[in-house]
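The values are calculated or read from the model by the stated rules, or taken from the named source; none is laboratory data. If you're wondering where the values come from, they're calculated on a predicted model, not measured in any experiment. A quick note on method: Cβ atoms are made from the backbone with ideal geometry, for glycine too, and the neighbour counts reach across all protein chains shown. Surface accessibility is based on the protein's heavy atoms, side chains included, excluding ligands, DNA and RNA. Shrake-Rupley method; radii C 1.70, N 1.55, O 1.52, S 1.80 Å.
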Amino acid sequence: MERLLQTLAARIRGARRLTAMTGAGISAASGVPTFRGPGGMWRTHRAEDLATPDAFASAPALVWERYASRREKVASCRPNAAHDVLARWSTREGVVVVTQNVDDLHVRAGTRDLVRLHGSLWELACFGRCTAGAQPWRDERVPLPDAIPRCPHCGGHARPAVVWFGESLDPADVSRALEATACDLFLTIGTSAVVYPAAGLVREARSRGAFTAEINLEETPASSLVDLDIRGHAEEILPTLDALL
Ligand code: APR
């Protein structure tokens, strides 16, 4: 492990352009349950019952109940050492953080140049996509006053401004993430690498000549792709790497 970390630290030191892509694993140490790990959201609930436009159309109260409890949980969590290290690195020219997480712990850690691919738990949008309500608005109140929040513009149902299964990502975020694959070093941290388009970014970076590394507790479909595969806790590995810089 020592040799692996030294090698990666040398790559981080030498990178003019560094991109870090994160998943739920980076927030696990903050107390945010992952999706597919022990106690994960998709271990206890069917994604199609909670994270699709159809699920919301047929049971908005049930979906909101679920998101309200996730907001309540995340509201009690703080960024951990892994978030803090990436926030510090993001002040360096050429560093981009791309996240699948909707918990905004990267935001709260002060990360600059952050690309949020899947939206935010703390933002709402009009489910009916009325013109004014299509642009998400921020609402950090816990609990929200209404079990099913309303769009302030058209009075229709408001939804969590997160990307649900079967929905496309914001094209602006996708192009920023793709742009960030043109880098010297691409790190994939705490993601099971099964949800696309995010899971395709490491392959894209590799095809553009980037040195690639994965930090994860367990093997993922990306493990066989990357140049360096590091097993361990992000909240321990990242501060260790930072100390080696
Ligand atoms: N340090 C490093 N890796 C960790 C840690 C940790 N402390 N704890 C868990 N992991 C790893 C797990 O081994 C797993 O591979 O993080 C990964 C979490 O995987 P998922 O729960 O599948 O989360 P993620 O990859 O972010 O999910 C992708 O799927 O449900 C959708 O939209 C949702 O953004 C989410 C997307």
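Only Lys, Arg, Asp and Glu count, each charged at its Cβ (+1, +1, -1, -1), so figure out the dipole size of segment 118-236 about its Cα centre, rounded to 20 debye. Walk me through the intermediate numbers first.
Numbers: 10 positive and 17 negative charges, 112 e Å.
Value, rounded to 20: 540 debye.
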Note down the nm distance, to one decimal, between modelled labels 7 Å out along Cα→Cβ at GLU2 and at ALA134. 5.8
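Quick check: from the Cα gyration tensor, does segment 26-128 come out rounded (a/c under 1.5), prolate or oblate?
Values: a/c = 2.39, a/b = 1.74, b/c = 1.37.
Because a/c hits 1.5 or more and a/b exceeds b/c, segment 26-128 counts as prolate.
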Please report, as a whole percent, how much of the solvent-accessible surface of the chain comes from carbon and sulfur atoms (probe radius 1.4 Å). 51
Expressed as a whole number of Å, what is the distance separating the alpha-carbon centroids of segment 1-53 and segment 179-209? 12
Looking only at ASP104, ASP170, ASP184, which one moves most when the chain is put into a Gaussian network model with springs between Cα atoms under 10 Å? ASP170
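Probe of 1.4 angstrom, ligands and nucleic acids ignored: what's the accessible area per residue over the chain, in square angstrom? Kindly include the intermediate steps, with their values, before the conclusion.
Working: 11330 Å² over 245 residues.
Normalised by residue count, the accessible surface of the chain is 46 Å².
Can you give the calculated 222 nm mean residue ellipticity of the chain, where each DSSP H run of n ≥ 4 adds -39,500 (n - 2.57) and the sum is split over every residue, rounded to the nearest 500 deg cm²/dmol? Mind dumping the intermediate values first?
Numbers: 11 runs with 87 residues, N = 245.
When only DSSP H runs of four or more count, the value is -9500 deg cm²/dmol.
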Which of the three applies to segment 118-184, rounded, prolate or oblate, going by the alpha-carbon gyration tensor with a ≥ b ≥ c and a/c under 1.5 meaning rounded? prolate
Please list the non-local residues whose amide H lies under 5 Å from the amide H of THR188, H modeled 1.01 Å from N, same-chain partners needing a gap of 5 or more. MET21, ALA213, GLU214, ILE215
Please list 3J(HN,Hα) in residue order for segment 81-97, calculated via the Karplus relation 6.51 cos²θ - 1.76 cosθ + 1.60 where θ = phi - 60°; whole Hz, with x for glycine and proline. 4, 5, 4, 5, 5, 5, 4, 5, 4, 5, 7, 7, 3, x, 9, 10, 10
Expressed as a whole-number percentage, the relative contact order of segment 74-166 with C-alpha contacts under 8 angstrom and at least six residues apart is 24
What are the ³J(HN,Hα) values, in whole Hz, obtained from phi via the Karplus relation 6.51 cos²θ - 1.76 cosθ + 1.60 with θ = phi - 60°, for each residue of segment 109-125 in sequence order, with x given for Gly and Pro? 7, x, 5, 9, 6, 9, 10, 9, 6, 10, x, 9, 5, 9, 10, 10, 8
If you place +1 on the Cβ of every Lys and Arg, -1 on the Cβ of every Asp and Glu, and leave all else neutral, what size is the dipole of the chain about its Cα centre, to the nearest 20 Debye? 260
At a 10 angstrom cut-off on C-beta neighbours, averaged per residue, how do the peptides 45-54, 105-114 rank from highest to lowest? 105-114, 45-54
Would you work out if the chain is rounded, prolate or oblate? Take a ≥ b ≥ c from the square roots of the eigenvalues of the alpha-carbon gyration tensor; rounded if a/c is under 1.5, else prolate when a/b is larger than b/c, oblate otherwise. prolate
Under 5 Å between amide hydrogens, which residues at least 5 positions from VAL115 or on another chain qualify, with H placed 1.01 Å from N in the peptide plane? VAL97, VAL98, THR99
